[in-house]
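Everything below concerns the one structure shown next.
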Amino acid sequence: MNGMRRCVIAGAGISGLALAHRLLRRGVEVLLLERSRRAGGVIRSERTEGFLCEWGPAALAAGDVSVDVLLRELGLAGRAISARERSLRRCVVAGGLVEPLPRDVSELATTPLLATREKLRLLADLVLPLGSAGLGHDESLAGFARRRLGRVAAERLLYPLLPGLYPIDPERTSAAAAHEWLTLAEREHGGLLRSLLRHPPPLLSFAEGLEELPKALAAACSPSLRLGAVLRRVLPVGPTFRLQIEENGQATELAADAVVLATPACESAAAVAALDARLAATLRSIEYAPLALVQLGYPEAALRHLEPSHGFYVPPMEPGWLLGAVFASAAFPGRAPPGQRLLTVRLGGTRHPDLVALPEIALAHVASDGLARLLRPGRKPTFARVERLPEALPQYTLGHRERLAEVDAAEQRHPGLFLTGNAYRGIGLHQCIAGAGPLAKRIVGHLAARSNRFIGQARRVG
């Protein structure tokens, strides 16, 4: 684009990569910085001993137009694999048993997950008045769900349907900020009961795991991508920015007309501390929860008695250390060797954060013992791998909308500074991808305005 100026993006997770791709297609000069030696952020797929382990998100929600467009642009549409239909069913632990979630009214009427009085309590959702969350006030996810459905139904029917739930504390999570569709369901449809029976969105991945997506994005952005480069500080220079970079142990400086922070909130806070102390304090107040992922392989015969499903969620009311598990090899082919099954167990989160610090062998024992009680495989796992994620997912705690308002105000105070990523307006991968288009449009508008002002000034001087 003639007269277009440089945009520097810090962070090559899915948000930074998708934004860089979108800007490059619009002719913007982009420099994408990533502190690690690989792009992709929390998306990482690893094949070992014939098992394909996902050390982060395991699938991508399909059906979003922005996702479809991105896959076509990258040449990945033909490589995408849809999850097996039978694996989309979700389960929940109740009384030590793994039970399927109801999918229609008849299954809701007969489910053992709720006692008769709890099923009758659900009917109140059809007549309850609009609550405080629907009126724009902050309300915790737990308070919102109990008010509409009752405590047991909230924990056994609603929580298992929420994406990214495992590491969060429902008592401190803002319902409107974290799961806006819930408050929309209350405001527009009068309740949540219909939403409980909605079918989950189709899921996508690739033959060699979800990391094929960020790898393709990194390849498309490769001339603009610098690995091992950290943005240490953002400083103003008139209407532009001076960036202090550390690359391969060497300190350098760059000039930029636009800066995008697509890094975790705490890292972004450090970068803007000298620029805007108030924004830095706001970013530091965004909490993250730790998570441990334990990949366990079992002989297929040991788990043949299980009904096919996506996996199970363990409500807070249930004893034990497990947050839940995903049946990885049930969803997509090629996740386990012939005759084996792969399960991904989740531990830690806000319920048991200290658990993540245990040695790997202890975490593997906790996971396998928990599965032994719930699934009764009758065999010990033949394969075990552990990965810790100290900052797995940001927490949209109460007051999150006020934090977003401060982020918006800071962007107004510093034209050309933008913040993006899963710490702000959606933790889902599809939400991060969808946000790249509108943000790219804003950045292009800013750069075009900067160029026009520069050209106008040059003409006046001439």
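Some points to look at:
- Any chance residue 302 is open to solvent by less than 50 Å² (accessible area, probe 1.4 Å), out of contact with any strand residue (DSSP E or B) (no Cβ under 7 Å at 6 or more places or on another chain) and more than 18 Å from residue 421 (Cα to Cα): yes
- Counting only residues that are touching a Leu at 6+ places or on another chain (Cβ under 7 Å) and not β-branched (Val, Ile, Thr), the range 97-107 holds 5 of them.
- Residue among 99, 118, 107 that is under 27 Å from the mean Cα position of the chain (by Cα) and among the charged types (D, E, K, R): 99
- Annotation for the range 127-139: at least one member residue is modelled with pLDDT of 90 or more and open to solvent by less than 50 Å² (accessible area, probe 1.4 Å).
- Annotation note: of 17, 114, 74, 52, the sole residue that is among the hydrophobic types (A, V, I, L, M, F, W, C) and open to solvent by 20 Å² or more (accessible area, probe 1.4 Å) is 74.
- Among the residues of the range 239-257, some residue qualifies, meaning at least one is more than 23 Å from residue 16 (Cβ to Cβ), open to solvent by 10 Å² or more (accessible area, probe 1.4 Å) and not aromatic (Phe, Trp, Tyr).
- Here the range 101-111 is the region considered, the condition is being surrounded by 14 or more Cβ atoms within 10 Å (Cβ to Cβ), at pLDDT below 95 and not basic (Lys, Arg), and the residue that is farthest from residue 193 (Cα to Cα) is 101.
- In the range 53-76, residue farthest from residue 290 (Cα to Cα) [restricted to those that are charged (D, E, K, R) and out of contact with any His (no Cβ under 8 Å at 6 or more places or on another chain)]: 72
- Residues that are open to solvent by less than 20 Å² (accessible area, probe 1.4 Å) and either among the aromatic types (Phe, Trp, Tyr) or within 10 Å of residue 14 (Cβ to Cβ) (or both), drawn from the range 406-427: 418, 421, 424
- Looking across the range 182-217, the residues that are under 16 Å from the mean Cα position of the chain (by Cα) and either hydrophobic (A, V, I, L, M, F, W, C) or farther than 27 Å from residue 70 by Cβ (or both) come down to 203, 204, 210, 213.
- Filtering 43, 9 for residues that are open to solvent by less than 10 Å² (accessible area, probe 1.4 Å), assigned to a strand (DSSP E or B) and in contact with a Leu (Cβ under 8 Å, 6 or more places away or on another chain) leaves a single hit, 9.
- Looking across 388, 373, 413, one residue alone is of a type in the set (Lys, Arg) and in contact with a helix residue (DSSP H, G or I) (Cβ under 7 Å, 6 or more places away or on another chain). It is 388.
- Subset of the range 172-220 [over 30 Å from residue 126 (Cβ atoms) and either open to solvent by 10 Å² or more (accessible area, probe 1.4 Å) or among the hydroxyl-bearing types (Ser, Thr, Tyr) (or both)]: 203, 204, 205, 207, 208, 211, 212, 215, 216, 218, 219, 220
- Residue count for the range 77-100, restricted to those that are farther than 19 Å from residue 331 by Cβ, open to solvent by 50 Å² or more (accessible area, probe 1.4 Å) and not aliphatic (A, V, I, L, M): 2.
- Inside the range 323-377, residues that are outside any helix (DSSP H, G or I), without any contact (Cβ under 8 Å) to a residue 60 or more places away in the chain and touching a strand residue (DSSP E or B) at 6+ places or on another chain (Cβ under 6 Å) make up a count of 5.
- One residue from 393, 358 being farther than 16 Å from residue 51 by Cβ, open to solvent by 20 Å² or more (accessible area, probe 1.4 Å) and in contact with a Pro (Cβ under 6 Å, 6 or more places away or on another chain): 393
The values are calculated or read from the model by the stated rules, or taken from the named source; none is laboratory data. Small disclaimer: the values here were computed from a predicted structure and weren't measured. Cβ coordinates were reconstructed from backbone atoms using ideal geometry, including for glycine residues, and neighbour counts include every protein chain displayed. Ligands, DNA and RNA are stripped out before the accessible areas are found, and what is left, the full protein with its side chains, is counted by its heavy atoms. Shrake-Rupley method; radii C 1.70, N 1.55, O 1.52, S 1.80 Å.
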